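Participant: Pasting a structure below so you can have a look.
The values are calculated or read from the model by the stated rules, or taken from the named source; none is laboratory data. Because the structure is predicted, anything quoted here is derived from the model rather than measured. Reconstructed Cβ throughout: ideal geometry from the backbone, glycine too, with neighbour counts over all protein chains shown.
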Amino acid sequence: MNILSLDFETSIGTTIHGSTFRDPNNDIYTQIWAYNEYEVQLHHSGRGFNKTLVNRLDDVDLIIGHNLGFDLSYVWYDNAVYSYIVNGGKIWDTQVAEYLLTGQQHQFSSLAELQLKYLDEVEKPSRISALYKKGIGADAIVQAQYRCPRLWKLYNKYCKTDGITPIKIYKLQKKRAEKLGMIPIIELYNDYLLSIINMTVTGISIDVVKCEKTFRDFNLKHLQYLAQATNIVSKYWTDGALPTFNINSPDHKSAILFGGNIKVVEKKEIGVYKNGNPRFKNIERVVRVDGFRVPATISRPAKKLGLYATDDKIMQTIASKTKNPQLKEYCELQKQAMMYKKAANTYCKAFIDRSVDGLLYPNFNNTLTTTSRLSSSAPNMQNISKRNQFGKDLHSLFVAPTGWKCVQIDFSQLEIWVLALLSGDKLLIKHLLDGVDLHVVRLGYYNEDKTYDELYKLCKVDKDPYWDKQRTYAKTVSYQMAYGAMPKKVVASTGLDLGIVEKIFEKEAETYSEASNFGNSVRDLMQENVNFSLGMDIPNSQKKGKGGSRISKGYELLPIFDNSGNVFYNEEHRRKVGIYTSLTGKRYHFLNTGKVYKGELKSSFSFTQPKNYPMQGTASEIQAMTTAELLKACLIKGDRIKMINEVHDSKWFYVREDVLEPCLKWLKDTIEDVPKIMLKRFGLEVPFKFPCDIEIGNDFGNMEKYNV
DNA sequence: TACCTTGGCGCC
DNA sequence: AAAAGGCGCCAAGGTA
């Protein structure tokens, strides 16, 4: 077996796109090819390699690297990479492996950290890394090789180490993974990484002109609402020392609604200099604002003394209770002004700033979340408004290239199907397979005078506005329950009575008893499997952030406190974590929040997390394995199907118009066939397929259902 | 200036 | 420090 460790040193590029492939000016200046731990080749080019590999990959069985997404995205369009992947070539990313081996606790590990952890090698402060940090990239170093021979020697040593280290780490990781039965799950997430790279490199088309126009429109709207709101508050905002009323300031909003103090800074003359110029000093004082005098009991105290929360929920309560028409109007204006500003800056502006020639290349963070879900940033493509007034405008900025269609394929009720799979609840499975509307079932829990059929007719056939709305509430409850929320939180997000929500939970537990009990069974299992936290997995020298925040996420034997605030450092009192291993071998860690009581640690674990982590985590595995399944075809049929984005249970594509039907049929069949993939990868029997819905359109704001 | 925390809100 | 379903981003306000 030939293993190859691949690593590139690149230029640094602009501050917007960093050192990644996104910046068109960036290139590779050194290629490090380490074969089987002993044969290391360094290839340098002062002109850059023009994003191509120096060698073929024909005799390579496994490519190893740390954060391979970075390197492979540079050479994704190289023929050698293409044929390697199409012929089933595999990768082992030590960052991905470490993430899974630690139960998703070690996020974005650095090579230096793993070097310490596995090889006990302390990375000496390197001149090379220091240069990189200063913005001096490999291009400059390679070009200076004859001028700076000492630096050049150092650089070559640095490169060589970076090539060999991942191979050494891989061998140890593999041993650990075999012991824990984690090889299949690590292979899955490595395959998934290839699909993620493919998505990232493809990019998402935006209509830049429309984006700029929408940005301007939203800003204009913001200013209009702001002006009206400012006009209303002007009679409460009279003190000349006050700054301009700022509708985005939590301080200002709290003060104007509930009354409060606003800190102001004034320049005060405190004498004269020798040259006769006046001497000033900044004096801080507070100005009292009475505002609308809304009773603060409607809200909740903020962290800052004397300030209160002003979120949407509270604003709605105020608007519905007040008899002051001006206040009522202000509530609506504040909301609109803020929403337009958010829509403009968080989305339109970010899209414009982040795009490169009309294409967005978001970061898909694959070693970040606790549950192994993907996360997205710069821009975040997973939280673009959909249901509110901006949903259509914002999504319609994402357009299909000429001759192509936008396609979105969603798993329907993925979390519920996952719950059925994990719990094996017979009735739930039957209901899902029969197409029973679970939201209507839940509506029935607190409308006992009506049967399922009657309610179904009212909601879905007659589309009675009242019952349709009731079903929407029930739907929200359904999803909240699936996410593992407790009744209180459901009340907060739906506005339903606590009594009703509790009844729903109660009846749900009766109806789908095995499914409802799933979380408890995880918790029981996990409570039996309490381990010490991972101890010195990351040495202190690698702590990051203030006070080593990375460590506090579970890498240190944390001291714990008793009810009187006494600190216990003894081994037997150290914090422990619960570990639960899922069907597929993925490990989840749960923080033990227990305290010391009479000298002994009483374990205590959250009720919601044990339910949520395996559900969310398994859902993400299904997303990962189905996406990975598409990769080869996406490469071979790259002129017909391009995958561009994922949002947890949905996948975004461009599909060429003239081959739409066969492509969509193939995509749907492949994605829905989770049993086939589960069997192949994990040897697990899954008794049902996972149904998907397809939508198509010319842009992602104007999509219509498509039946294959 | 650069970085951190808080409040608030978008998505699944 | 505890504890929460999982995330990321922006603006404000504060600190070094």
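Participant: Mind checking which residues of the range A:464-492 are among the polar types (S, T, N, Q) and either closer than 29 Å to A:Gly424 by Cβ or surrounded by 15 or more Cβ atoms within 10 Å (Cβ to Cβ) (or both)? So that I can check it myself, show each step before the final result.
Facilitator: Of the residues in the range A:464-492, the ones among the polar types (S, T, N, Q) are A:470, A:472, A:476, A:478, A:480.
Hits for the range A:464-492 are A:Gln470, A:Thr476, A:Ser478, A:Gln480.
Participant: State whether one or more residues within the range A:488-511 are within 22 Å of A:Gly617 (Cα to Cα) and in a helix (DSSP H, G or I). Please lay out each step first, then the result.
Facilitator: Filtering the range A:488-511 down to residues within 22 Å of A:Gly617 (Cα to Cα) leaves A:489-490.
Narrowing the set further to residues that are in a helix (DSSP H, G or I) leaves A:489-490.
The answer is yes; a qualifying residue exists.
Participant: So, one more: Which ones in the range A:606-615 are within 15 Å of DNA strand B (Cβ to nearest atom) and either out of contact with any strand residue (DSSP E or B) (no Cβ under 7 Å at 6 or more places or on another chain) or part of a strand (DSSP E or B) (or both)?
Facilitator: Within the range A:606-615, A:Thr608, A:Lys611, A:Asn612, A:Met615 meet the criteria.
Participant: Would you say A:Ile409 is within 16 Å of DNA strand B (Cβ to nearest atom), at pLDDT 95 or above and hydrophobic (A, V, I, L, M, F, W, C)?
Facilitator: Details: within 16 Å of DNA strand B (Cβ to nearest atom): yes; at pLDDT 95 or above: yes; hydrophobic (A, V, I, L, M, F, W, C): yes.
It is true that A:Ile409 is within 16 Å of DNA strand B (Cβ to nearest atom), at pLDDT 95 or above and hydrophobic (A, V, I, L, M, F, W, C).
Participant: Same structure again: Would you mind telling me which numbered condition in (1) at pLDDT 95 or above; (2) surrounded by fewer than 19 Cβ atoms within 10 Å (Cβ to Cβ); (3) of a type outside the set (A, V, I, L, M, F, W, C) A:Asp27 fails?
Facilitator: Failing condition for A:Asp27: (2).
Participant: While we're on this one: Filter the range A:586-605 down to residues that are surrounded by fewer than 18 Cβ atoms within 10 Å (Cβ to Cβ) and in contact (Cβ under 8 Å) with a residue 24 or more places away in the chain and give me whichever is nearest to DNA strand B (Cβ to nearest atom). First the steps, then the outcome.
Facilitator: Residues of the range A:586-605 surrounded by fewer than 18 Cβ atoms within 10 Å (Cβ to Cβ): A:591, A:593-595, A:597-600, A:602-604.
Add one more test, that the residue is in contact (Cβ under 8 Å) with a residue 24 or more places away in the chain, and what stays is A:591, A:594-595, A:597, A:603.
Values: A:Leu591: 18, A:Gly594: 24, A:Lys595: 23, A:Tyr597: 29, A:Ser603: 27 Å.
Once the filter is applied, the top-ranked residue is A:Leu591.
Participant: Please find, within the range A:616-650, the residue that is nearest to DNA strand B (Cβ to nearest atom) out of those that are touching a strand residue (DSSP E or B) at 6+ places or on another chain (Cβ under 6 Å) and without any contact (Cβ under 8 Å) to a residue 40 or more places away in the chain. Spell out how you get there, then give the answer.
Facilitator: Initially, the range A:616-650 is screened for residues touching a strand residue (DSSP E or B) at 6+ places or on another chain (Cβ under 6 Å), giving A:634, A:640-645, A:649-650.
Remaining after also requiring without any contact (Cβ under 8 Å) to a residue 40 or more places away in the chain: A:640-641.
Details: A:Arg640: 26, A:Ile641: 22 Å.
Residue satisfying both the conditions and the ranking: A:Ile641.
Participant: Any idea which of A:Leu660, A:Leu667, A:Leu631 is over 26 Å from the mean Cα position of the chain (by Cα) and hydrophobic (A, V, I, L, M, F, W, C)?
Facilitator: On the way: A:Leu667 fails: over 26 Å from the mean Cα position of the chain (by Cα); A:Leu631 fails: over 26 Å from the mean Cα position of the chain (by Cα).
Going through A:Leu660, A:Leu667, A:Leu631 in turn, the sole match is A:Leu660.
Participant: Quick one: is A:Ile677 out of contact with any strand residue (DSSP E or B) (no Cβ under 7 Å at 6 or more places or on another chain) and touching a residue at least 24 places away in the same chain (Cβ under 8 Å)? Show your work before the answer.
Facilitator: Values: out of contact with any strand residue (DSSP E or B) (no Cβ under 7 Å at 6 or more places or on another chain): yes; touching a residue at least 24 places away in the same chain (Cβ under 8 Å): yes.
The answer is yes for A:Ile677.
Participant: Could you grab the pairs with beta carbons closer than 6 Å, sequence gap of 6+ or different chains, first residue in the range A:34-54 and touching a residue at least 24 places away in the same chain (Cβ under 8 Å), second one in a loop (DSSP other than H, G, I, E, B)?
Facilitator: Going by the 6 Å Cβ cut-off, the qualifying pairs are A:Gly48/A:Asp27; A:Lys51/A:Val75; A:Thr52/A:Asp78; A:Leu53/A:Val75; A:Leu53/A:Asp78.
Participant: Check off (1) under 27 Å from A:Ile206 (Cβ atoms); (2) outside any loop (DSSP other than H, G, I, E, B) for A:Tyr580 and give me the number that stays unchecked.
Facilitator: It fails just one condition, (1).
Participant: Hey, another quick one. Any residue in the range A:411-430 that is more than 13 Å from A:Val686 (Cβ to Cβ) and away from DNA strand C (no atom under 14 Å from the Cβ) sitting within a Cβ distance under 7 Å of a residue that is among the acidic types (Asp, Glu) and in a helix (DSSP H, G or I)? List the pairs, counting only those 6 or more apart or interchain.
Facilitator: From the range A:411-430, the pairs are A:Ser423/A:Glu514; A:Asp425/A:Glu514.
Participant: I would also like to ask the following. Which of the residues spanning the range A:398-438 are assigned to a helix (DSSP H, G or I) and either under 30 Å from A:Arg640 (Cβ atoms) or under 27 Å from the mean Cα position of the chain (by Cα) (or both)? Before you say what the answer is, go through the steps one by one.
Facilitator: Pass one, the range A:398-438, residues assigned to a helix (DSSP H, G or I): A:414-423, A:426-434, A:438.
If the condition is that a residue be assigned to a helix (DSSP H, G or I) and either under 30 Å from A:Arg640 (Cβ atoms) or under 27 Å from the mean Cα position of the chain (by Cα) (or both), then A:Leu414, A:Glu415, A:Ile416, A:Trp417, A:Val418, A:Leu419, A:Ala420, A:Leu421, A:Leu422, A:Ser423 are the ones that fit.
Participant: How many of the residues making up the range A:388-406 are within 14 Å of DNA strand B (Cβ to nearest atom) and of a type in the set (A, V, I, L, M, F, W, C)?
Facilitator: Matching residues across the range A:388-406 total 3.
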